[in-house]
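The structure under discussion appears below in the form of structure tokens.
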Amino acid sequence: MFRLLAFAEAITWTMLITGLIMRATLGLDWAVLVGGSIHGFVFLAYAFTAVLVGVNQRWPLGLMALGVVSAIVPYATIPFERWVLRHDRLEGGWRREATDHPADGNVINRMLRWFLARPLLLTILSVLGIAAVFTILLIIGPPGGRD
């Protein structure tokens, strides 16, 4: 899922950039609306997934932040995904059971295990949460205001 969203995020950057070019050259404002909306939703999904995977894989906070920030730079999610894969930061499955690791007793890890034991609920709540954030951001308006 993380790898898929890393590539999807890069593809939606292409859609947004293409929309910006179409608006500037052809006056097609709708192209930015479509490309930007799709990109925004996928950006949020990727950011959530980067944090979820980071907590599961016990990444340091800085690495999780770098994963999220990589989505801000066009196409940077692909090299980030390749780096974490190459450095075995995606090894292992989902942590559904407690281990002897000291961090497993904290609230975040207990919640992670609880939700991972209920993947359908995690998926539904994730999609609803991302959709809610996306809707709020749409109400606030695009970055830099409206043209």
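The values are calculated or read from the model by the stated rules, or taken from the named source; none is laboratory data. Values in this document were obtained by computation on a predicted structure and should not be read as measured data. Note that each Cβ is placed from the backbone with ideal geometry, even for glycine, and that neighbours are counted across all protein chains shown.
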Legend entry - Within region 115-147, tally of residues that are surrounded by 10 or more Cβ atoms within 10 Å (Cβ to Cβ) and either in contact with a helix residue (DSSP H, G or I) (Cβ under 9 Å, 6 or more places away or on another chain) or modelled with pLDDT under 85 (or both): 15
Inset, instruction - Just need a number here: residues in region 95-113 that are out of contact with any Leu (no Cβ under 9 Å at 6 or more places or on another chain), in a helix (DSSP H, G or I) and not polar (S, T, N, Q). - result: 9
Legend entry - The lone exception for Thr25 - which of (1) over 19 Å from Ile108 (Cα atoms); (2) touching a helix residue (DSSP H, G or I) at 6+ places or on another chain (Cβ under 7 Å) it fails: (2)
Inset, instruction - Would you check which residues across region 80-125 are at positive phi and touching a residue at least 24 places away in the same chain (Cβ under 8 Å) and list them? - result: Gly92
Inset, instruction - Would you be able to tell me the number of residues in region 79-94 that are in a loop (DSSP other than H, G, I, E, B), surrounded by 10 or more Cβ atoms within 10 Å (Cβ to Cβ) and out of contact with any Leu (no Cβ under 9 Å at 6 or more places or on another chain)? - result: 3
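Can you find a residue that is in contact with an Asp or Glu (Cβ under 7 Å, 6 or more places away or on another chain), surrounded by 18 or more Cβ atoms within 10 Å (Cβ to Cβ) and either at pLDDT 95 or above or assigned to a helix (DSSP H, G or I) (or both) anywhere in region 56-67?
No, there is no match, as no residue in region 56-67 is in contact with an Asp or Glu (Cβ under 7 Å, 6 or more places away or on another chain), surrounded by 18 or more Cβ atoms within 10 Å (Cβ to Cβ) and either at pLDDT 95 or above or assigned to a helix (DSSP H, G or I) (or both).
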Inset, instruction - Kindly indicate the residue of region 68-78 that is touching a residue at least 40 places away in the same chain (Cβ under 8 Å) and assigned to a helix (DSSP H, G or I) and also surrounded by the fewest Cβ atoms within 10 Å (Cβ to Cβ) among those meeting that condition. - result: Ile78
